[in-house]
């Protein structure tokens, strides 16, 4: 299984997180429906247990904190808006 870590950072573009997770999970669904094993383990990884985006209009609850990640094969860094240096 390929471990995918999608970072959930302040100032991230929500669609770049959601769409990326959707693609990997859709591949898994197609594989499962065809009787094959899942290929990806997708994790939303954050610095905190909760992240508000777009002035609080949207919220993300990462399923792992960055210090809990033991092994990952792919790290996805989302598109950013605004001050990129303030993303952490």
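Have a look at 4, 23 and point out the one that is at pLDDT 95 or above and in contact with a helix residue (DSSP H, G or I) (Cβ under 9 Å, 6 or more places away or on another chain).
4
Could you list, in sequence order, all residues of the stretch 1-21 that are outside any strand (DSSP E or B) and within 20 Å of residue 79 (Cβ to Cβ)?
The answer is 9, 10, 11, 13, 14, 15, 16, 17, 18, 19, 20, 21.
Has the stretch 33-51 got at least one residue that is touching a residue at least 60 places away in the same chain (Cβ under 8 Å), surrounded by 12 or more Cβ atoms within 10 Å (Cβ to Cβ) and either in contact with a helix residue (DSSP H, G or I) (Cβ under 8 Å, 6 or more places away or on another chain) or within 11 Å of residue 8 (Cβ to Cβ) (or both)?
no
Answer yes or no: is there a residue in the stretch 57-72 that is exposed (fewer than 14 other Cβ atoms within 10 Å of the Cβ), within 21 Å of residue 2 (Cβ to Cβ), within 17 Å of the chain's Cα centre (by Cα) and touching a residue at least 24 places away in the same chain (Cβ under 8 Å).
yes
How many residues are in contact (Cβ under 8 Å) with a residue 12 or more places away in the chain, within 14 Å of the chain's Cα centre (by Cα) and surrounded by fewer than 17 Cβ atoms within 10 Å (Cβ to Cβ) if we restrict to the stretch 22-32?
1
The values are calculated or read from the model by the stated rules, or taken from the named source; none is laboratory data. Note that the structure is a prediction, hence the values are computed from the model and not measured. For neighbour counting, all protein chains shown are included, and Cβ atoms are generated from backbone atoms with ideal geometry for every residue, glycine included.
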